[in-house]
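Chemist: Okay, here's the structure, questions in a sec.
The values are calculated or read from the model by the stated rules, or taken from the named source; none is laboratory data. Please read these numbers as outputs of a predicted model, since none were measured by experiment. Here the Cβ positions follow ideal geometry from the backbone for every residue, glycine too, while neighbour counts run over all protein chains shown.
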Amino acid sequence: MKTMKADVGLVGLAVMGRNLALNIEEKGFSVAVFNRHPAPTAEFMGGEAAGRRFLPANSLREFVGSLCRPRRIILMIKSGKPVDDILAVILPMLSRGDVVMDGGNSNYHDTERRQKVVIATGISFVGMGVSGGEFGARFGPSIMPGGDREAYLKIRRIIEKAAARTEDGPCCTFVGKSSAGHFTKMVHNGIEYAVMQILAEAWDIMTTGLGMKTAEAREVFGKWNAGPLSSYLVEISEKVLGKIDPITGRPLVELISGIAAQKGTGKWTTEAALDLGVPVPTITAAVDARIISGHRSLREEASRTIGGASVRIKAPRAKVLAELMKAVRGATLLSYAQGLHLLARASKEYGYGIRLSEVCRIWKGGCIIRARELDMLMQVFKTRPVIEHLFQSRRFSSTVRACVPRLRLVVERAVSASLPVPALSSALAYRDSFARVRLPANLTQAQRDYFGAHTFERTDRKGVFHEDWES
């Protein structure tokens, strides 16, 4: 009797892996599954996977042997050392032409390193960004594979069927060469940090600055989600604000500690931007805001010693809310612009070959930063695929320009009320900096030349100059 072979194998049956496996099987493929600890495999096979086309394995050798060739393996395990550990064991069991896909949040530097090692064996290694959380993995995430195009073609049919879909097709594309997949996912997460911080600041302005109740703020987010601000993050903000704690009968969000955790991808985005000389101040501000939130005991002490407690905004609520909607829209668009600028520079520097119109297209569905605005951004890059920055687009710039006066007003009101708005204010400063042909960096350069003889350029003649500033 011929032994059944699976179309694809998946390693790692935590929440994301289990749900992605169910998704792939539901799309018509047989799936071999393996978990380092056997209990999750037994639980999975006895529950959701019962009676379906899954082949459980108790060892990696059994797992590899249950796959049809070329073997296609998806790793859905914790990034870092666990990926290296499993590659060290599984690679000797594979053959030339097989494909291993890392679907975790791996650092792109690690992906580049692993690709060099794996490719030398004749096996392909694909760094595959997957966004959408538990729900996305189960019903259709945004998938960002990068590496070798031939390897992508071997897995394309499977992952495109598993991906979310919009009117523009599956939210999956070959992003680019080398570590482009994980770099793109990293930038996606950086933008995610920025937008989440923008919405948190808007919530703070509503509740602390305007004295609105949680239910009232929830209604505002609901209205926003029906207009230009329609997005996954605005949608879930409305849902979060509507959740009532069964113990106290109060909105649950009011009982949650004001400390936000992070897993590192936002920080990696900032680091990559610094390496490439690309400004991403709103993403960086969001990372800093999470870090500051973690210093709770210090903040409790400082609140008693430095003073400056927040006060109410002295303006009509309806007026401020109208301003706030425009401010959030402008800051959100500027956050996307920062991330996409970083992708454009990385693509050029690292030879990724990223098509930004395709990135915007696959971000339209399945992922955490999916939003109505992405349709405009996709169209901009389709029309002008070689631009480096969205500010080079009249359509984008005019949309942001219409939001800036309200963004400026909101930042002014928040600052006057001692409300910290690092994301909103950094987005405004980012826009204002690009709007200036000449920035005050001429003083900075003169100072550098004074103490370090770093030289400077002049506006009235060519060449590089050094001045004896004491003469």
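Chemist: For the stretch 258-280, which positions are surrounded by fewer than 23 Cβ atoms within 10 Å (Cβ to Cβ), out of contact with any Lys or Arg (no Cβ under 8 Å at 6 or more places or on another chain) and not small (Gly, Ala, Ser)?
Modeler: Lys263, Lys267, Trp268, Thr270, Glu271, Leu274, Asp275, Pro279
Chemist: Right, here's the next one. Specify which of the listed residues (Ser231, Ser237) is in contact with a helix residue (DSSP H, G or I) (Cβ under 9 Å, 6 or more places away or on another chain), among the polar types (S, T, N, Q), touching a residue at least 40 places away in the same chain (Cβ under 8 Å) and over 20 Å from Met16 (Cβ atoms). Show your work before the answer.
Modeler: Numbers: Ser237 fails: touching a residue at least 40 places away in the same chain (Cβ under 8 Å).
Exactly one of Ser231, Ser237 is in contact with a helix residue (DSSP H, G or I) (Cβ under 9 Å, 6 or more places away or on another chain), among the polar types (S, T, N, Q), touching a residue at least 40 places away in the same chain (Cβ under 8 Å) and over 20 Å from Met16 (Cβ atoms), namely Ser231.
Chemist: Do you know which of the residues in the stretch 248-257 that are in contact with a helix residue (DSSP H, G or I) (Cβ under 7 Å, 6 or more places away or on another chain) and either closer than 19 Å to Arg296 by Cβ or charged (D, E, K, R) (or both) is surrounded by the most Cβ atoms within 10 Å (Cβ to Cβ)?
Modeler: My answer is Val253.
Chemist: Another one. Name the residue, out of Arg317, Arg304, that is farther than 17 Å from Leu428 by Cα and touching a residue at least 60 places away in the same chain (Cβ under 8 Å). Write out each step before concluding.
Modeler: Details: Arg304 fails: touching a residue at least 60 places away in the same chain (Cβ under 8 Å).
One residue alone meets the criteria, Arg317.
Chemist: Would you please name the residue that is farthest from Ala215 (Cα to Cα), looking only at residues in the stretch 235-274 that are among the charged types (D, E, K, R) and assigned to a loop (DSSP other than H, G, I, E, B)? Spell out how you get there, then give the answer.
Modeler: In the first step, residues of the stretch 235-274 are kept if they are among the charged types (D, E, K, R); the result is 235, 238-239, 243, 245, 250, 254, 263, 267, 271.
Subsequent filtering for residues that are assigned to a loop (DSSP other than H, G, I, E, B) retains 243, 245, 250, 263.
Details: Lys243: 10, Asp245: 13, Arg250: 10, Lys263: 30 Å.
In this case the residue turns out to be Lys263.
Chemist: Next question. Kindly indicate whether any position in the stretch 21-35 is surrounded by fewer than 20 Cβ atoms within 10 Å (Cβ to Cβ), closer than 23 Å to Gly122 by Cα and either out of contact with any helix residue (DSSP H, G or I) (no Cβ under 8 Å at 6 or more places or on another chain) or basic (Lys, Arg) (or both).
Modeler: No: the stretch 21-35 contains no residue that is surrounded by fewer than 20 Cβ atoms within 10 Å (Cβ to Cβ), closer than 23 Å to Gly122 by Cα and either out of contact with any helix residue (DSSP H, G or I) (no Cβ under 8 Å at 6 or more places or on another chain) or basic (Lys, Arg) (or both).
Chemist: What number of residues within the stretch 127-155 are in contact with a helix residue (DSSP H, G or I) (Cβ under 6 Å, 6 or more places away or on another chain) and acidic (Asp, Glu)?
Modeler: Matching residues across the stretch 127-155 total 1.
Chemist: If a residue counts only when it is aliphatic (A, V, I, L, M) and either without any contact (Cβ under 8 Å) to a residue 24 or more places away in the chain or within 26 Å of Ala164 (Cα to Cα) (or both), which helices (runs of 4 or more DSSP H) contained entirely in the stretch 1-96 have at least 3 such residues?
Modeler: Details: elements: 15-26, 38-46, 60-65, 81-90.
The qualifying helices (runs of 4 or more DSSP H) are 15-26, 38-46.
Chemist: Only one of these is in contact (Cβ under 8 Å) with a residue 40 or more places away in the chain and in the same structural domain as Met206 (by TED's automatic domain parsing): Gly222, Gly266. Name it.
Modeler: Details: Gly222 fails: in contact (Cβ under 8 Å) with a residue 40 or more places away in the chain.
Exactly one of Gly222, Gly266 is in contact (Cβ under 8 Å) with a residue 40 or more places away in the chain and in the same structural domain as Met206 (by TED's automatic domain parsing), namely Gly266.
Chemist: Continuing with this model, one more query. Has the stretch 193-211 got at least one residue that is under 18 Å from Gly103 (Cβ atoms) and not β-branched (Val, Ile, Thr)?
Modeler: Here is the first cut: in the stretch 193-211, the residues under 18 Å from Gly103 (Cβ atoms) are none.
No, every residue in the stretch 193-211 fails to be under 18 Å from Gly103 (Cβ atoms) and not β-branched (Val, Ile, Thr).
Chemist: Of the residues Ser66, Ser95, Ser59, which is more than 31 Å from the chain's Cα centre (by Cα), hydroxyl-bearing (Ser, Thr, Tyr), over 22 Å from Lys185 (Cβ atoms) and surrounded by 17 or more Cβ atoms within 10 Å (Cβ to Cβ)? Walk me through it before giving the result.
Modeler: Working: Ser95 fails: surrounded by 17 or more Cβ atoms within 10 Å (Cβ to Cβ); Ser59 fails: surrounded by 17 or more Cβ atoms within 10 Å (Cβ to Cβ).
Exactly one of Ser66, Ser95, Ser59 is more than 31 Å from the chain's Cα centre (by Cα), hydroxyl-bearing (Ser, Thr, Tyr), over 22 Å from Lys185 (Cβ atoms) and surrounded by 17 or more Cβ atoms within 10 Å (Cβ to Cβ), namely Ser66.
Chemist: Does Gly190 fit the bill of being in the same structural domain as Val280 (by TED's automatic domain parsing) and closer than 17 Å to Val359 by Cα?
Modeler: Details: in the same structural domain as Val280 (by TED's automatic domain parsing): yes; closer than 17 Å to Val359 by Cα: yes.
Here the answer is yes, as Gly190 does meet what is asked.
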